[in-house]
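The values are calculated or read from the model by the stated rules, or taken from the named source; none is laboratory data. The model shown is predicted, which means the values in this text are computed figures rather than measured ones. Here Cβ is always computed from backbone atoms with ideal geometry, including for glycine, and neighbour counts include all displayed protein chains. The protein model used for the area step is the full one, side chains on, heavy atoms only, and it has no ligands, DNA or RNA in it. Shrake-Rupley method; radii C 1.70, N 1.55, O 1.52, S 1.80 Å.
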Amino acid sequence: MHFSPQYVYSVEEEYYVLLVHASSLLEEVDARSNAEQLIVPWESWGPLKTRILPISMYDMHDRQPNGHVYGTRYVWQEIVEDVHWSARNRLRMWDFNPLALQRALSSSDTPLSPSEDESQAFSTTIVKDSQPTIIHEYESAFTQRVSTTLPYRDVIRRGIFVDANVMVDRECVVLKHRSPDPDLWNEIGIEILCI
């Protein structure tokens, strides 16, 4: 995977997060450990063992993704709307745990496309390896087309909140937040979400 040094970034530029299991990359390094110079070609690990996903520039903090990683989970506050300098967010999690994916796929409750049922607290979608993320060279800084296929669960909490702190562990996400309702601004909510 190569970047073009002539590429000019713009304000409308999409940002991306590259997610990979550390063990996948370390396997490739171990296989080449006797080499005098260690070069791990993208083609040997990237397309099948990573997922590159677009993230809004508004979900960034100092040009870094405003997310939290624990094990195989990446959790962040996705900005839904920005009203008078007060962002209204929703919680989003990408879970790359192969066991959680198998469990979700074997459950008849987990859709393979987003649920429109607003009565549910969460919308969960399974993104399989047969659904690649493709970034074309003509719309990015890459010099060639990039395709990644690591499967994951995409979980979105439907409720909107303002000014939140997020903590994540293997089983739960703790969300401390304010209500988006200005009349309830001084009330702090704490949720423990086992997702």
Across the range 133-148, what is the total count of residues that are surrounded by fewer than 17 Cβ atoms within 10 Å (Cβ to Cβ) and in a loop (DSSP other than H, G, I, E, B)? 5
Quick check on my filter: what residues within the range 145-195 are of a type in the set (S, T, N, Q) and at pLDDT below 85? Asn165, Ser179, Asn186
Would you be able to tell me the number of residues in the range 121-136 that are among the charged types (D, E, K, R) and either at pLDDT 80 or above or closer than 10 Å to Val155 by Cβ (or both)? 1
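Here is a check on your reading of the model: is Arg103 assigned to a strand (DSSP E or B), at pLDDT 80 or above and of a type outside the set (A, V, I, L, M)?
So Arg103 does not fit the description; no.
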Can you confirm whether the range 64-74 contains a residue that is at pLDDT below 70 and over 12 Å from the mean Cα position of the chain (by Cα)? yes
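Filtering the range 157-184 down to residues that are in contact with a strand residue (DSSP E or B) (Cβ under 6 Å, 6 or more places away or on another chain), closer than 18 Å to Ile79 by Cβ and not in a strand (DSSP E or B), which residue is most open to solvent (accessible area, probe 1.4 Å)?
Once the filter is applied, the top-ranked residue is Ile160.
Residue by residue through the range 31-53, note down the ones that are surrounded by 10 or more Cβ atoms within 10 Å (Cβ to Cβ), outside any loop (DSSP other than H, G, I, E, B) and at pLDDT 80 or above.
Within the range 31-53, Trp42, Ser44, Trp45, Gly46, Pro47, Leu48, Lys49, Thr50, Arg51, Ile52, Leu53 meet the criteria.
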Looking only at the range 136-174, filter to residues that are of a type in the set (A, V, I, L, M) and under 16 Å from the mean Cα position of the chain (by Cα); which one of those is nearest to Gln102 (Cα to Cα)? Leu150
